[in-house]
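Everything on this sheet refers to the single structure shown next.
The values are calculated or read from the model by the stated rules, or taken from the named source; none is laboratory data. Keep in mind that what you see is a predicted model, and the values were worked out from it rather than measured. Neighbour counts run over all protein chains shown; Cβ positions are idealised from the backbone, glycine included.
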Amino acid sequence: MFESVFGHGRVKKVLGKMIERDSLSRSMAFVGPDGIGKRMMALELAQALLCATRNQCGTCLHCQKCKKNLHPDIEIIEPDGLQIKVDQVRQVAEKLHFRPFEGAVRVLIVDRADSLRDEAANAFLKSLEEPPEYVHFVLVTSDWNSLLPTIRSRCQRIAFQGLRIDDKIQILESRGIESDLATRLASISLRRLETDEEAWLLFEKHADMVLSFMERSAEEKGVPGQLANLARDKAELPGFLDVMLLVLREGARVSYKMELEPPLTGFGERIQSLCQVVDAKHWRQAWEACGSFCAKRRTNPNTALWFDFFSTNELGNLEGAKAEFKARVQRGQ
């Protein structure tokens, strides 16, 4: 069961037991990072529920139709543009009151459920509150907290963890990507599974930008304004911050005499050089500061101001600047 989905052994086991015991919740939310197979798992679950043997046999008429995305008892709502709109929800909600066309149940999958805006979410909530006994809801989301509390309270949360790197490599190779590139892409698949060599080139660009920023910051005790343009780039900024967090983590590891891990081995000399001027304590503090800032981005903080603060206050720069000022004062006395 669920053989088309790579990884997620724990989730597969839990869902399999629920189906076997006929204890599957009518409303579930698959929650976890983007690009790790949550939607595919929802489709596989739908096939298992509709299968003539309830075991995803792959040979019955129901399984064959599921594989071809032709089963009339599976409905999928996904964003129209950036959002799931209220009309989409209402159209599907009207159909839910019809009994299954061919199978024993009907399955409604809401992909990227976090894109439900207030009106659409409230319309969906009406269906979720009083569902027909033959309907199963599966919400797929990377942002559990963005769902209405009333929707969260009615769904059993199934947590998906990020894929292991071996699983990512296997998926990429199964899509025809040669082994070396698959390994590199898997190592930088932080938010989603990267499938294009351009993603690797962008990673290298971001790693170079992060290290240049840190090198100048360490040398000049602060470089206000250096990343102001990047801070305004909403498309590129999340990926840059992911790489910055990774660089700081690896710098902290190297400063504690640990071996540098992929995908930053190509930047090893520059990280080692920074470790000559930034000690382990300040690497760790900078990493923690970056992680804290990334966690707060939901509240839309001033990113340009934070970059300036980082450049002058982290990596030991503030202490160094104080020491230099004190030395100048003493020389002047």
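Quick look at the numbers
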read-out	value
Tally of residues being touching a helix residue (DSSP H, G or I) at 6+ places or on another chain (Cβ under 6 Å) and crowded, with 21+ Cβ neighbours inside 10 Å across region 16-31	2
Leu139 being buried (at least 18 other Cβ atoms within 10 Å of the Cβ) and either closer than 24 Å to Ala295 by Cβ or at pLDDT 95 or above (or both)	yes
Residue ID - surrounded by the fewest Cβ atoms within 10 Å (Cβ to Cβ), chosen from residues in region 267-307 that are acidic (Asp, Glu) and in a helix (DSSP H, G or I)	Glu269
Meets criteria (more than 19 Å from the chain's Cα centre (by Cα), surrounded by fewer than 20 Cβ atoms within 10 Å (Cβ to Cβ), farther than 15 Å from Val277 by Cβ and acidic (Asp, Glu)) for Glu259	yes
Checklist (1) free of Cβ contacts under 8 Å to residues at least 40 places away in the same chain; (2) surrounded by fewer than 16 Cβ atoms within 10 Å (Cβ to Cβ); (3) not β-branched (Val, Ile, Thr) applied to Arg192, failing item	(1)
Those residues of region 121-171 which are of a type outside the set (Asp, Glu), over 30 Å from Arg298 (Cβ atoms) and out of contact with any Phe, Trp or Tyr (no Cβ under 8 Å at 6 or more places or on another chain), in sequence order	Pro132, Tyr134, Val135, His136, Ile169
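Results for (1) in contact (Cβ under 8 Å) with a residue 60 or more places away in the chain; (2) assigned by TED's automatic domain parsing to the domain that holds Gln276; (3) farther than 23 Å from Ala29 by Cβ, shown as yes or no for each residue.
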{"site": "Ser146", "(1), (2), (3)": "no, no, no"}
{"site": "Pro149", "(1), (2), (3)": "no, no, no"}
{"site": "Arg154", "(1), (2), (3)": "yes, no, no"}
{"site": "Ala182", "(1), (2), (3)": "no, no, yes"}
{"site": "Glu204", "(1), (2), (3)": "yes, yes, yes"}
{"site": "Phe213", "(1), (2), (3)": "yes, yes, yes"}
{"site": "Lys221", "(1), (2), (3)": "yes, yes, yes"}
{"site": "Arg232", "(1), (2), (3)": "yes, yes, yes"}
{"site": "Glu236", "(1), (2), (3)": "no, yes, yes"}
